[in-house]
1. Quick one: is D209 charged (D, E, K, R) and surrounded by 15 or more Cβ atoms within 10 Å (Cβ to Cβ)?
2. Residues in the stretch 134-171 that are of a type outside the set (D, E) and assigned to a helix (DSSP H, G or I): how many?
3. Considering only residues that are closer than 30 Å to T271 by Cβ, more than 12 Å from the ligand (Cβ to nearest atom) and surrounded by 19 or more Cβ atoms within 10 Å (Cβ to Cβ), which ones fall in the stretch 90-127?
4. Among the candidates L68, L56, single out the residue that is surrounded by fewer than 22 Cβ atoms within 10 Å (Cβ to Cβ) and within 14 Å of the ligand (Cβ to nearest atom).
5. So how many residues does the stretch 323-348 have that are away from the ligand (no atom under 16 Å from the Cβ) and either under 17 Å from the mean Cα position of the chain (by Cα) or closer than 13 Å to C303 by Cα (or both)?
6. For the stretch 242-258, does any single residue satisfy the condition of being within 16 Å of the ligand (Cβ to nearest atom) and at positive phi?
7. Looking for something within 12 Å of the ligand (Cβ to nearest atom) and either surrounded by fewer than 15 Cβ atoms within 10 Å (Cβ to Cβ) or at pLDDT 95 or above (or both) - is there at least one such residue anywhere in the stretch 358-365?
8. List pairs: first in the stretch 299-328 and over 24 Å from L43 (Cα atoms) and assigned to a loop (DSSP other than H, G, I, E, B), second of a type in the set (K, R) and at pLDDT 95 or above, Cβ under 8 Å, 6+ apart or cross-chain?
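The values are calculated or read from the model by the stated rules, or taken from the named source; none is laboratory data. Bear in mind the structure is a predicted one, so any value in this text is a computation, not a measurement. Every residue, glycine among them, receives a Cβ derived from its backbone with ideal geometry; neighbour counts consider all protein chains shown.
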Amino acid sequence: MNDQDSQRRVVIIGGGFAGLFAARMLRRAPVRVTLIDRRPHHLFQPLLYQCSTGILSEGKIAVPLRDLLRKQKNADFVLAEVTGIDADGRRVLATRPLGDQMEFGYDYLIVGAGVQQSYFGHDEYAKWAPGMKTIEDALVIRRRVFGAFELADTAVDPAERSRWLTFALVGAGPTGVELAGQIREVATKTLRDEYRHIKPEDARVLLFDGGDAPLAPFGPELSAKAARTLAKLGVEQHMHSIVTNIDGSGLSVRAQDGTVTHHEAGTVLWTAGVAAPPVAAAIAAATGAKQDRAGRIVVGDDCTIPDHPEIFVTGDMMSLNKLPGVCEVAMQTGIYVGERIKHDVAGKMPTKPFRYRDLGSAAYLSRGRAVVSVRNVHLSGFVAWIIWLFIHIGFLTGVRNRLGALVSWWPAFVRDVRRERTYTTEQVGVIGSAYDVLPPAAAAAELPRPGTEPSTRTG
Ligand SMILES: Cc1cc2nc3c(=O)[nH]c(=O)nc-3n(C[C@H](O)[C@H](O)[C@H](O)COP(=O)(O)OP(=O)(O)OC[C@H]3O[C@@H](n4cnc5c(N)ncnc54)[C@H](O)[C@@H]3O)c2cc1C
């Protein structure tokens, strides 16, 4: 038996902030780390809206996980979708992109699979109103936003033209607010001189939310400032509004007084609500763990599932003391469980319970305008925008991406130039997702048949 065989196996589900930071904490530990993700890259979600509105390319907000782990000799990466676990047998069950099954034995399991968009029981809305969680989502939104101006330009019927020039966003949290502001800036600045049959600046951006004000978690003062900035940009804010239907023509919304209004809109975007992905329910069923209303797994203050000291849940998928789903929570829980495993392997006393250090939050409103909230300090306007800039440069993964973002921001912020406006006019390929089952004819003609027996990998 060589050293490697005797080392303990750590399997990490998800290469987001939580999973990646946990893996990095274990780089010098005598363990074998296997990081499994259904996507090949680590994604910086906070800048997805800049990818979808043409400022940043997808390559500047995502880094291959293999690249990030290349120097970490005790770590391996596997592209597969985890479907469940066998908690008694300590095995993770996964599906390769071609559909066959894999298994991974573990001594410690770190779950960091994040959350996905929730349509509050109306998944049928997804067809008309894409959410914003992945690179695929951002590219779909880019296609819909820039494509809408093209369709408006060639529309003969004035009603159709006006429909394509109407953009509706559901959810006035940071993502909805950031996207709404960006679409107005695209319309009034970037596209200003490019069209001969429409005035892009006529584009209407409608922002709907069931609450009192946009950016409510930032507190009343910053929320009011954000509302004023959005109004100046030309974003029409409809608060106390509940969406009752979304279809190909637009959306219907119920106001506080109960009246329902239909708004014709060529583009509807969904930025409200998140829920844990299906793998959370599978892990809860296998371990007896509780889930909160959004499906997140409830953990103890050491981030473990009760009666399973070997299974840690981290980041957005973890439910602990109502901590928010933000990067800092994900990073800090990743670091914490990495350290805890290191201590355990070394036979030392376990580390203290997890304590979150709140470093504040920031949201971008428009060029030169942002809001920042750090404990009792609330900032807005240009100073907040400069702080926003430094925070995002600091947190972007990889030096190349930081420099690349600065190079893209310069023309965007100084001259309103958005260089990343390329989009395809059709879906490419025969499959929607690499994990979908292929149509039989295409599968037989083009691809080797996947094995039917599960293969076993132990990391
Ligand atoms: C549009 C947007 C804007 C945001 N803005 C901010 C912001 O300004 N500030 C802030 O602090 N936070 C922001 N957030 C939240 C922040 O991005 C998340 O809190 C953070 O990414 C959570 O990290 P995580 O590692 O828990 O999950 P994620 O980063 O979501 O990573 C989860 C990983 O798990 C993988 N995965 C999922 N299911 C499976 C499976 N079954 N098998 C294998 N792999 C799987 C996914 O592919 C993904 O790589 C934003 C989020 C979004 C969507």
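1. Against the criterion (charged (D, E, K, R) and surrounded by 15 or more Cβ atoms within 10 Å (Cβ to Cβ)), D209 qualifies.
2. 22
3. Y125
4. Checking each option against the conditions leaves just L68.
5. Qualifying residue count for the region: 3.
6. Within the stretch 242-258 (the criterion being within 16 Å of the ligand (Cβ to nearest atom) and at positive phi), the answer is no, since none of the residues qualifies.
7. yes
8. D302/R340
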